[in-house]
2 protein chains.
Amino acid sequence: MKILRKISETKRITSALILKKKTIGFVPTMGYLHEGHLSLVKAARKKADVVIVSIFVNPLQFAPNEDFTKYPRNFKKDEKLCRNEGVDYIFYPDIKEMYPDDYSTYVIVENVSLGLEGKIRPEHFRGVATIVLKLFNIVQCSFAVFGQKDAQQACVIKKMAEDLNVNTKIIISPTIREKDGLAMSSRNVYLNPEQREDAAYLYKALEYARRKLTLENYNRDIEFIRGQISKLIKSRKTATKIDYISFNNSRTLEEVKTLKNLKNTDILISLAVRFGKVRLIDNIVIKR
Amino acid sequence: MKILRKISETKRITSALILKKKTIGFVPTMGYLHEGHLSLVKAARKKADVVIVSIFVNPLQFAPNEDFTKYPRNFKKDEKLCRNEGVDYIFYPDIKEMYPDDYSTYVIVENVSLGLEGKIRPEHFRGVATIVLKLFNIVQCSFAVFGQKDAQQACVIKKMAEDLNVNTKIIISPTIREKDGLAMSSRNVYLNPEQREDAAYLYKALEYARRKLTLENYNRDIEFIRGQISKLIKSRKTATKIDYISFNNSRTLEEVKTLKNLKNTDILISLAVRFGKVRLIDNIVIKR
């Protein structure tokens, strides 16, 4: 496994791989890798000749009030984990080379970026779309793997790739969960033991909604289900604020207000909840 | 020469060319080709194994009040001209395939897009950057050739390519002029004979400025030179409005207000003038 720090060197290597007809599989990350990331790496490893993981905490996707400087980092551990998974290259660039002082180009995906996380973090997906496109151009990957955990991010990147005719196939991999159902996330380390216990209720609430929408009759009112999810989460003492509980078309992210006339539309149920200062997101997709 | 109408077919062909280690040279155009375009094609032909010209009147770079529907088109003539220049492929896509109904991704280049043309045509460079990136991804070119005639466009595209780590080299080719100095432009066909005659004064005025800035002493005041350019243009009866006469750093497009302390900064002098309803732009670069 080789660690690449420079853009030009990375491009040189990936250009040579393409001429050798190698399939490059890519997993972009912000580091502090956990089982969730490793499942993406495994998915890439299965299909690619060469697997590249990038580790870059992207300042552009953090708002000034967010946790950019405090975001957890542990390169040595990440390196070991990648080596164990058979990664070929880690791309680990410098902020100054990725965003020089006169940097001024941004990729904006309208519509799918606007609701949910986009409402609370208005510049976030601009930052995500921009860094992902930069990384795609540098690593020149045939495909890239993203997690379903960040459902809206997955939609934004798919839409960007489609709209800009990007030559990288986007693959979305299922969310990996702890035994009690909590979705794996680098931010889980922020949780204290009591919050950690309560956080498992996010998935319990989502699974409740799945049962309501699938096992019982389809005419259940969405506002009723939303209310029940909310009640269940609020029953946990450390859940201090629900940012949203949302029902959307899983592809276009248009809000779903009623279950009537919804045949063939997969429904994304997503939520964002704060446990003290720790903000967690989770989601499930109901196939129709 | 082959005409490609479909994105997928074009990508298939360009991907195969890359694996054969062919250098793809690209000239994006809006068609209605003239000697200016052909000089770009010739520049590409000299360096590339395979030359691709795109012909696509890009709706995204026209404001609602602009001449999108009236923009001159003549595909049969363009085809003949391309064939004569030894072009290998014309990429001639459908608007509906380039911008499907749910299209929603845009590339924004801040700073260099803001002044000059950007001030008068605020969405213009967003449209240009977006279509150019799409085309680069489709034709997968090693290099692309643009004209110095559209000086700000050249700066925007260079900056975008640099910032987004695009794998296409940007080449800027000199402006081609009629015998009397008028810069070649598809929009020149809109000029009536009297306007056509007066339009030559744009270049005469720019050349006057060049003499002032180079042959005479460097302490000439920029406001004085701007005034003289303005006077010369206003002396032509059909020149109905000067949108701007501007002095800028040719790379960053920062405004140049004084010639003092400007060593090693090339100066772009650019102007936009209306002759009745026909709006023309032109520029020269003063090397320092």
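The values are calculated or read from the model by the stated rules, or taken from the named source; none is laboratory data. Owing to the predicted nature of the structure, the values given are computational and were not obtained by experimental measurement. FYI the Cβ positions are ideal-geometry reconstructions off the backbone, even for glycines, and counts take in every protein chain you see.
Here are the numbers:
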{"item": "Selected residue (only one of B:I120, B:I90 is in contact with an Asp or Glu (Cβ under 6 Å, 6 or more places away or on another chain) and not assigned by TED's automatic domain parsing to the domain that holds B:E255)", "result": "B:I120"}
{"item": "Subset of region B:244-273 (residues that are buried (at least 17 other Cβ atoms within 10 Å of the Cβ) and over 14 Å from B:R288 (Cβ atoms))", "result": "B:I245, B:S246, B:L253, B:S270, B:L271, B:A272, B:V273"}
{"item": "Odd one out for B:E66 among (1) farther than 25 Å from B:L182 by Cβ; (2) acidic (D, E); (3) out of contact with any Phe, Trp or Tyr (no Cβ under 9 Å at 6 or more places or on another chain)", "result": "(1)"}
{"item": "Close pairs (9 angstrom Cβ cut-off, 6 or more residues apart or separate chains): at the interface with another protein chain (Cβ under 9 Å from one of its Cβ atoms) in region A:4-32, part of a loop (DSSP other than H, G, I, E, B) and surrounded by fewer than 15 Cβ atoms within 10 Å (Cβ to Cβ) anywhere", "result": "A:L19/B:K21; A:K21/A:D49"}
{"item": "All strands (runs of 3 or more DSSP E) inside region B:167-277 with 1 or more residues being assigned by TED's automatic domain parsing to the domain that holds B:F146 and farther than 20 Å from B:L116 by Cβ", "result": "B:169-173"}
{"item": "Single match in B:L17, B:L60 (criterion: under 28 Å from B:R126 (Cβ atoms) and at pLDDT 95 or above)", "result": "B:L60"}
{"item": "Count of region A:244-259 residues which are over 23 Å from A:K234 (Cβ atoms) and either in contact with a His (Cβ under 8 Å, 6 or more places away or on another chain) or free of Cβ contacts under 8 Å to residues at least 40 places away in the same chain (or both)", "result": "3"}
{"item": "Subset of region B:137-162 [touching a Pro at 6+ places or on another chain (Cβ under 9 Å), assigned to a helix (DSSP H, G or I) and surrounded by fewer than 22 Cβ atoms within 10 Å (Cβ to Cβ)]", "result": "B:E162"}
{"item": "Condition check for A:R187: under 29 Å from B:D102 (Cβ atoms), modelled with pLDDT under 95 and surrounded by fewer than 18 Cβ atoms within 10 Å (Cβ to Cβ)", "result": "no"}
{"item": "Residue list for region A:29-49, restricted to those being farther than 17 Å from A:T10 by Cβ and in a helix (DSSP H, G or I)", "result": "A:E35, A:G36, A:H37, A:L38, A:S39, A:L40, A:V41, A:K42, A:A43, A:R45, A:K46, A:K47"}
{"item": "Hits in region B:225-241 (condition: modelled with pLDDT of 95 or more, under 19 Å from B:L213 (Cβ atoms) and among the hydrophobic types (A, V, I, L, M, F, W, C))", "result": "B:I229, B:L232, B:I233"}
{"item": "Some residue of region B:130-152 being within 20 Å of B:H37 (Cβ to Cβ) and without any contact (Cβ under 8 Å) to a residue 60 or more places away in the chain", "result": "yes"}
{"item": "Test: residue in region A:111-129 that is polar (S, T, N, Q) and more than 10 Å from chain B (Cβ to nearest Cβ)", "result": "no"}
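Yes/no matrix, rows are residues, columns are (1) of a type in the set (V, I, T); (2) within 11 Å of chain B (Cβ to nearest Cβ); (3) surrounded by fewer than 22 Cβ atoms within 10 Å (Cβ to Cβ):
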{"residue": "A:E97", "(1), (2), (3)": "no, yes, yes"}
{"residue": "A:V107", "(1), (2), (3)": "yes, yes, no"}
{"residue": "A:N167", "(1), (2), (3)": "no, yes, yes"}
{"residue": "A:I170", "(1), (2), (3)": "yes, no, yes"}
